[in-house]
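Below you'll find the structure, written out as structure tokens, and then a few comments.
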């Protein structure tokens, strides 16, 4: 996909937060981000694949992430993306979605949804390679099943109770979905080299 008229120039990209600076300034979920970051590690085999992809002449060198600290998919996914960038040697910059809507508008899910996180990969020359949005496909499928099960079990559930129950059930899938994120992004990058 060609992205000639992007607002994400090399100069704009450089204005993003590094991972530790982003975590330092967030308002919610700081402990959850830290817990996921400390627990998650990219396997040796996946590290080798990421390094091989990165060493390609037109391989990724930079990763831009769009996210917000209140979003469960970001809380679960951003620490994984940070670990991937560390083992691959990518420069990673993070932009809060709600204060960078012009960037978000370039990477809408299905062209209309402001889904996060978004991970955008660039070469060392800042050429766009590809991007990944929100959660791995297995997580999207399983989340729909979980949501339907909750509704089936309690048709009169309030939105607040529904959200709490969904968080409980999807939280049990976090490690599996984090691993699927790495696999899916590796596959995406390999197919875009």
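The values are calculated or read from the model by the stated rules, or taken from the named source; none is laboratory data. Computed from a predicted structure; not experimentally measured. Every residue, glycine among them, receives a Cβ derived from its backbone with ideal geometry; neighbour counts consider all protein chains shown.
Give 186, 157, 150 a once-over and let me know the one that is out of contact with any strand residue (DSSP E or B) (no Cβ under 7 Å at 6 or more places or on another chain) and touching a residue at least 40 places away in the same chain (Cβ under 8 Å).
Exactly one residue qualifies, and that residue is 186.
Can you name the number of the only condition in (1) modelled with pLDDT of 95 or more; (2) surrounded by 16 or more Cβ atoms within 10 Å (Cβ to Cβ) that residue 170 fails?
(1)
With respect to residue 179, determine if the residue is more than 30 Å from residue 56 (Cα to Cα), within 21 Å of the chain's Cα centre (by Cα) and either touching a residue at least 24 places away in the same chain (Cβ under 8 Å) or not assigned by TED's automatic domain parsing to the domain that holds residue 45 (or both).
When the stated conditions are applied, residue 179 does not pass them.
Checking residue 142 against (1) in the same structural domain as residue 68 (by TED's automatic domain parsing); (2) in contact (Cβ under 8 Å) with a residue 12 or more places away in the chain; (3) farther than 18 Å from residue 68 by Cβ, only one condition comes out false. Which one?
Condition not satisfied by residue 142: (1).
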